[in-house]
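Data block below; observations after.
The values are calculated or read from the model by the stated rules, or taken from the named source; none is laboratory data. What you see is a predicted model, and the numbers here were worked out from it, not measured in a lab. No Cβ is skipped: glycine too gets one built from the backbone with ideal geometry, and neighbour counts run over all protein chains shown.
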Ligand SMILES: *Cc1c(COP(=O)(O)O)cnc(C)c1O
């Protein structure tokens, strides 16, 4: 199944919108038909502005209104980002302004200020101050008005704008109105600015985010878009022929056209194309430069007849040149950022993730599987603390096409990160989150027969895996209640894409555990047989997680669900030693020595006087603590770290962000030295299983506890 994601359609249309803006300034069809060109570059192309306003409104004001503080912070970030971009644009075109005599025109300071605030200092730059002002206006309106009235007030401003733009012919006839606009136009050149044009589309973007999306409705949105674009063209043409427009930016039918276009793009989905975002933004800023450069090149090389005269060739050349310039800018920016990143090695606490080992483990596990059995990689809990997106993407590259997560947000994070393939949510999803399953193409586990009824009643069409409880007594409809099991396959809106159960004691090798597991396997096989006998297709069937694969390799199911073993770990050291498979740990946990001091015999180290030095010692302070996932009781359970390839006992209670280790006798330890908490240093190695053993838990808990502020570095 091809994965469809949230913002792919919107991202892709950015390119079309950037090209429409170029069209607006180059007139691609003017060599062929002036009317056709007007309809394209004077009417349709204006949808690009509306679209970009909507994008901003969607992302900033799409959240529920009670997040006012968060909204203000987001607006602040938006304004400073766009403000910087605008400043860069103004600076870039300064030489052109000088050349054009912009500063020689004897304008007053006020008039320059008006240009900066409303008109832009270059013909195309108006959009940037407009989006900033428009966002501020909508933010302000939302503070005092309901959503509906915000939209209404913005629509009123838009109507005023229309009367000063393509409906100006109407205005000119009415005396009072016309003098109002006379005053207006002393300051602004046009009404297509942040005050009249932007707010309505920004508010519509916010509306588009709040209205539930019907993914099956792509055709409906496309139809509405087609109708409203037809109206838009007719409106543009009629106004043009009547000679009403003072400027051709704003139309009435553009409102529904932009709205349905945006809904269509959201419903369409597709993988995100993040790179297109900066490239298209730069294309917008740089295309006038491309125009100047192209004209210069054409003059210098005598190619004017070829490059400039034909309007279509001219449009295409400007488009290609601005795309190239933009890609160059984005590439340079990435290089600069990458250099800064590598120069900035995390110095406090970090986890090194070895993706080569991950790939090795897939191969090792794969070699145990019977032919035809595929892997569903379990990447819940941020891929067991290893970083969900990078791990899942690497697994995909290595051929894995099925993924499992615990909850819907983990699935969304993977989709946003660009992961394709099937993603199964193993846990329960509350009713108000079911839309996200559809929107992000996630599969849902049916956790009971009643749950199946709830999912069916929600009205959504969902792809599901049916879970059968065979003795774990956690999730799934108990296998003994076969009628209820069968009922889960009968719902018209649930497409069953798999059937599974979970083993509770597959790690145990003692006879009771083996007998219990055999019982679970039997119950599962019997239930699946009943499902088939009743005429239902159970879809791919799966049962084993890591220990199920290792201890019951003879089973033949369609899928297996390894988690912990993928990361090169087993629950404890005993199992790791006993396993006849070469699993390599993917994660190493590291920190830095920040101070080295001698502590006299009898002195205490750390909180609560819990530790006193029995002899004169050298104590190193280490920049990692329990808030990073190091268990607080480690010091009292014989815990060690590695410094300069040697084991150093942890002394004193572990603090929130720091801890201390006794490095007496370990050569010259200095601030800045790397400390290894999990992983190898020289010939010494501390495994996650060993750390887990110190505090009486399993390695799964050790790695999933590693805190969010520990930077993950992929090697
Ligand atoms: C977590 C989980 C797995 C993976 O288990 P491991 O023991 O880490 O391999 C498999 N299936 C289900 C249902 C799970 O919740």
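Per-residue answers, yes or no, for (1) touching a strand residue (DSSP E or B) at 6+ places or on another chain (Cβ under 9 Å); (2) farther than 21 Å from residue 349 by Cα; (3) free of Cβ contacts under 8 Å to residues at least 24 places away in the same chain:
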{"residue": "608", "(1), (2), (3)": "no, yes, no"}
{"residue": "638", "(1), (2), (3)": "yes, yes, no"}
{"residue": "641", "(1), (2), (3)": "yes, no, no"}
{"residue": "648", "(1), (2), (3)": "yes, no, no"}
{"residue": "651", "(1), (2), (3)": "yes, no, no"}
{"residue": "681", "(1), (2), (3)": "yes, no, no"}
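In this structure, is residue 148 surrounded by fewer than 14 Cβ atoms within 10 Å (Cβ to Cβ) and at pLDDT below 90? Let's see the steps before the verdict.
On the way: surrounded by fewer than 14 Cβ atoms within 10 Å (Cβ to Cβ): yes; at pLDDT below 90: no.
So residue 148 fails the test.
Residue-by-condition table, conditions (1) at positive phi; (2) surrounded by fewer than 20 Cβ atoms within 10 Å (Cβ to Cβ); (3) touching a residue at least 12 places away in the same chain (Cβ under 8 Å); (4) over 36 Å from the mean Cα position of the chain (by Cα):
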site: 565; (1), (2), (3), (4): no, no, yes, no
site: 588; (1), (2), (3), (4): no, no, yes, no
site: 603; (1), (2), (3), (4): no, yes, no, yes
site: 611; (1), (2), (3), (4): no, no, yes, yes
site: 631; (1), (2), (3), (4): no, yes, yes, no
Working only within the stretch 549-563, note down all residues that are within 13 Å of the ligand (Cβ to nearest atom) and touching a strand residue (DSSP E or B) at 6+ places or on another chain (Cβ under 7 Å).
-> 549, 557, 559, 560, 561, 562, 563
In the set 566, 570, the lone residue that is outside the structural domain of residue 663 (by TED's automatic domain parsing), within 16 Å of the ligand (Cβ to nearest atom), at pLDDT 95 or above and part of a loop (DSSP other than H, G, I, E, B) is 570
Residue check, residue 469 at pLDDT 95 or above, touching a strand residue (DSSP E or B) at 6+ places or on another chain (Cβ under 6 Å), within 14 Å of the ligand (Cβ to nearest atom) and farther than 29 Å from residue 420 by Cβ = yes
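Looking for whichever is under 19 Å from residue 16 (Cα atoms) and outside any helix (DSSP H, G or I) here; the options are 228, 249. Which one fits?
Only one candidate qualifies: 249.
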Kindly provide the set of residues from the stretch 72-115 that are touching a helix residue (DSSP H, G or I) at 6+ places or on another chain (Cβ under 7 Å) and without any contact (Cβ under 8 Å) to a residue 40 or more places away in the chain, ordered by number.
-> 74, 97, 103
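Provide a single number: the residues in the stretch 32-44 that are surrounded by 15 or more Cβ atoms within 10 Å (Cβ to Cβ) and touching a residue at least 40 places away in the same chain (Cβ under 8 Å).
Taking the stretch 32-44 first, the residues surrounded by 15 or more Cβ atoms within 10 Å (Cβ to Cβ) are 37-44.
Within this subset, residues satisfying the condition of being touching a residue at least 40 places away in the same chain (Cβ under 8 Å) are 37-39, 42-44.
So the answer is 6.
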Starting from the stretch 525-553, take each residue that is within 12 Å of residue 496 (Cβ to Cβ) and list its partners that are surrounded by fewer than 16 Cβ atoms within 10 Å (Cβ to Cβ), counting only C-beta distances under 7 angstrom and pairs at least six apart or across chains.
-> 538/532
Exception for residue 583 within (1) within 16 Å of the ligand (Cβ to nearest atom); (2) more than 25 Å from residue 387 (Cα to Cα); (3) buried (at least 19 other Cβ atoms within 10 Å of the Cβ) falls at (2)
Residue identified as within 13 Å of the ligand (Cβ to nearest atom) and touching a strand residue (DSSP E or B) at 6+ places or on another chain (Cβ under 7 Å) among 479, 501, 546 = 501
Checking 391, 423, 412 in turn, the sole residue that is under 30 Å from residue 678 (Cβ atoms), touching a residue at least 12 places away in the same chain (Cβ under 8 Å) and either not in a helix (DSSP H, G or I) or not assigned by TED's automatic domain parsing to the domain that holds residue 557 (or both) turns out to be 423
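Suppose we keep only residues that are away from the ligand (no atom under 16 Å from the Cβ) and either closer than 20 Å to residue 410 by Cα or in contact (Cβ under 8 Å) with a residue 12 or more places away in the chain (or both) within the stretch 364-386. Which one would you say is nearest to the chain's Cα centre (by Cα)?
Pass one, the stretch 364-386, residues away from the ligand (no atom under 16 Å from the Cβ): 367, 370-372.
Filter once more, so that each one left must be either closer than 20 Å to residue 410 by Cα or in contact (Cβ under 8 Å) with a residue 12 or more places away in the chain (or both): 370, 372.
Working: 370: 36, 372: 33 Å.
If we take residues in the stretch 364-386 being away from the ligand (no atom under 16 Å from the Cβ) and either closer than 20 Å to residue 410 by Cα or in contact (Cβ under 8 Å) with a residue 12 or more places away in the chain (or both), then 372 is nearest to the chain's Cα centre (by Cα).
Condition first: under 12 Å from residue 566 (Cα atoms) and within 22 Å of the chain's Cα centre (by Cα). Can you find one or more residues in the stretch 411-428 that meet it? If you could, list the steps in order and put the result at the bottom.
Filtering the stretch 411-428 for residues under 12 Å from residue 566 (Cα atoms) gives none.
Looking through the stretch 411-428, none of the residues is under 12 Å from residue 566 (Cα atoms) and within 22 Å of the chain's Cα centre (by Cα).
Picking from 406, 392, which residue would you name as being within 16 Å of the ligand (Cβ to nearest atom) and under 30 Å from residue 15 (Cα atoms)?
On the way: 406 fails: under 30 Å from residue 15 (Cα atoms).
Being within 16 Å of the ligand (Cβ to nearest atom) and under 30 Å from residue 15 (Cα atoms) holds for just one of 406, 392, which is 392.
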Quick one: in the stretch 530-539, which of the residues that are out of contact with any strand residue (DSSP E or B) (no Cβ under 7 Å at 6 or more places or on another chain) and in a helix (DSSP H, G or I) is nearest to residue 484 (Cα to Cα)?
-> 530
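Among the residues of the stretch 397-409, write down those that are in a helix (DSSP H, G or I) and either modelled with pLDDT of 95 or more or at positive phi (or both).
Applying the first criterion (in a helix (DSSP H, G or I)) to the stretch 397-409 yields 397, 408-409.
Matches in the stretch 397-409: 408, 409.
Please go through the stretch 363-388 and pick out each residue that is in a helix (DSSP H, G or I) and touching a helix residue (DSSP H, G or I) at 6+ places or on another chain (Cβ under 7 Å).
365, 380, 381, 382, 383, 384, 385, 388
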Could you please tell me which pairs satisfy a Cβ distance under 9 Å, a separation of 6+ or placement on different chains, a first residue in the stretch 1-18 that is under 10 Å from residue 440 (Cα atoms), and a second residue that is surrounded by fewer than 23 Cβ atoms within 10 Å (Cβ to Cβ) and at pLDDT below 65?
-> 4/215
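Residues of the stretch 487-498 being away from the ligand (no atom under 16 Å from the Cβ) and crowded, with 19+ Cβ neighbours inside 10 Å, which ones? Step through it out loud before you land on a result.
Step one: of the stretch 487-498, the residues away from the ligand (no atom under 16 Å from the Cβ) are 487-496.
Listed by number, the residues that qualify are 488, 489, 494, 496.
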